[in-house]
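Visitor: Dropping the structure in here first, questions after.
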Amino acid sequence: MATVQEACLLRDAGLRVPVSVLSPIPSAAAREVASRRLRPSLSCLAAARDLRRAARDLPGPVLAHVELDTGLGRYGWPLTPAGLDQLQQLAALDGLTVASVYTHLSGTSRAELAAQLALFEQGYAKVAAALGRRPRRHALASSALAAQLRHPATTQLVRPGALLYGLAPC
Ligand SMILES: Cc1ncc(COP(=O)(O)O)c(C=O)c1O
């Protein structure tokens with residue numbers, strides 16, 4: 001889902017399956033996200049700390065995705081030296097488990113997409129090294145799927161939106 005509100009509608013309707021929230025969560029929503037067992041996307045250390053604080057008295061770790069910014073510049077963890085340093089700190093937070101690492105591609109040409117995927121691979125390698133394990137990774141949404149883009153970083157999960165509704169990706 002895009003937002004916490006949308007994800008809560010699914011919980012209210014009785015869905016007990018994992019529900020992910022792909023846009024950044026406001027800090028005021030961290031408690032609701034944790035208590036409803038939603039899986040938010042983290043783009044910065046502050047959001048990770050909010051979440052961990054909000055989940056302190058709940059059983060088990062809180063699961064979250066890490067979104068890496070490979071060029072879209074909308075959300076996503078910056079792959080700058082400071083951002084990479086913060087990924088190390090994220091890995092050291094207890095009570096929080098990284099369920100997956102992903103990027104949302106922004107380019108349209110194959111060359112642009114390949115450059116972003118190469119960047120994603122570098123960022124993913126840093127996260128995996130900091131965590132000491134290799135979480136699942138994913139990158140493809142409708143337009144890259146429609147273009148039949150293939151890359152080793154993209155074979156585990158996909159995130160189509162428009163295609164699921166029969167819409168041609170723009
Ligand atoms: C992180 C993320 N993944 C996947 C999608 C789905 O994109 P599309 O509808 O282009 O498949 C979106 C939509 O904005 C998104 O923000």
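The values are calculated or read from the model by the stated rules, or taken from the named source; none is laboratory data. If you're wondering where the values come from, they're calculated on a predicted model, not measured in any experiment. FYI the Cβ positions are ideal-geometry reconstructions off the backbone, even for glycines, and counts take in every protein chain you see.
Visitor: Please enumerate the residues belonging to region 148-167 that are surrounded by 15 or more Cβ atoms within 10 Å (Cβ to Cβ), within 11 Å of the ligand (Cβ to nearest atom) and not in a loop (DSSP other than H, G, I, E, B).
Guide: Ala162, Leu163
Visitor: Right, another one. Under 8 Å by Cβ, and 6 or more places apart or on different chains, what pairs join a residue from region 155-170 that is of a type in the set (Gly, Ala, Ser) with one that is more than 6 Å from the ligand (Cβ to nearest atom) and modelled with pLDDT of 95 or more?
Guide: none
Visitor: A follow-up question, please. Quick test for you: out of Val66, Val98, pick the one residue that is of a type outside the set (S, T, N, Q) and either part of a loop (DSSP other than H, G, I, E, B) or in contact (Cβ under 8 Å) with a residue 60 or more places away in the chain (or both).
Guide: Val66
Visitor: Restricting to region 101-120, what's the tally of residues that are surrounded by fewer than 20 Cβ atoms within 10 Å (Cβ to Cβ) and in a loop (DSSP other than H, G, I, E, B)?
Guide: Residues in region 101-120 being surrounded by fewer than 20 Cβ atoms within 10 Å (Cβ to Cβ) and in a loop (DSSP other than H, G, I, E, B): 4 in total.
Visitor: Report, ordered by the first and then the second residue, all pairs with beta carbons closer than 6 Å, sequence separation of six or more or different chains, a first member in region 127-146 that is within 21 Å of Pro81 (Cβ to Cβ), and a second member that is modelled with pLDDT under 95 and not basic (Lys, Arg).
Guide: Val127/Leu87; Ala130/Leu87; Ala130/Gln88; Ala130/Ala91; Leu131/Ala91
Visitor: Right, here's the next one. Give me the pairs: first residue in region 1-12 and closer than 20 Å to Pro160 by Cβ and within 14 Å of the ligand (Cβ to nearest atom), second residue part of a helix (DSSP H, G or I) and at pLDDT 95 or above, beta-carbon distance under 6 Å, and six or more apart or on different chains, which are they?
Guide: Met1/Ala7
Visitor: Output the number of the condition that Cys170 fails; it satisfies all remaining conditions of (1) hydrophobic (A, V, I, L, M, F, W, C); (2) buried (at least 17 other Cβ atoms within 10 Å of the Cβ); (3) more than 20 Å from Val21 (Cβ to Cβ).
Guide: (2)
Visitor: Pick from region 33-63 the residues that are within 18 Å of Tyr102 (Cβ to Cβ) and of a type in the set (Gly, Ala, Ser): which of them is surrounded by the most Cβ atoms within 10 Å (Cβ to Cβ)?
Guide: Here the residue is Ala48.
Visitor: Tell me yes or no: at least one residue of region 133-147 is in a strand (DSSP E or B) and either more than 30 Å from Pro59 (Cα to Cα) or within 14 Å of the ligand (Cβ to nearest atom) (or both).
Guide: For region 133-147, residues in a strand (DSSP E or B) and either more than 30 Å from Pro59 (Cα to Cα) or within 14 Å of the ligand (Cβ to nearest atom) (or both): present.
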